[in-house]
Amino acid sequence: MDNDHSLFREVYRDYVGPIRAYLARRVPFGEVEDLAADVFAVAWKKRASVTPGEELPWLYRIASFVVANYRRKERHRLDVLWLFHEPDTAPAADSFLETDPDLANAWKRLTSAQQELLALVIVEGLALRDVALVMGTTPNALSIRLHRAKKQLAEGLTKLQGERLSSEGT
């Protein structure tokens, strides 16, 4: 992106929806608009660093840093009343796990990086090339990580289902 305000407005218009959705799956609903504004404020400042055609994964990467900063700040703000408050959030990126306890348990055994990778590919529907930009790595390295994450998830699921079947059989 160059200094052209209209080009930036176009990028904003095209990608604010997916960025809001990404944020809504990771932070309380009431924080989405402010954090989306933060993402685009950072994007405006760093607009010269984006490669044309890679705006969305670049914005996802910025959003991941904004979410990490938000979570870090939130941990410091917790007080006793917050512990008793039910947060108003949108469904998490891994909410699809609620219907299958074995899948949920296998998912929990993955590292947070593996969970984020699978969520970006499966839930967000990003292409591997774009996820590589989000996660700051090469598509080849990411392809290997994705294969390992899928394999570990499948093995964990198979193991848990085997354990369940053997306990039901006794």
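Readers should treat all values here as calculations from the given coordinates under stated rules, not as data from a laboratory. All figures in this text were calculated on a predicted structure; none of them were measured in a lab. When we count neighbours, we look across all protein chains shown, and the Cβ atoms used for this are built from the backbone with ideal geometry, even at glycine.
With each label modelled as a point 7 angstrom along the Cα→C-beta vector, the Lys73-Phe29 pair spans 2.2 nm.
Separation of the range 2-62 from the range 119-170 is 27 Å, based on Cα centroids. Straight-line cross-link reach from Lys151 at under 27 Å between alpha-carbon atoms covers these lysines, not counting any fewer than eight positions away in the same chain: Lys108, Lys159.
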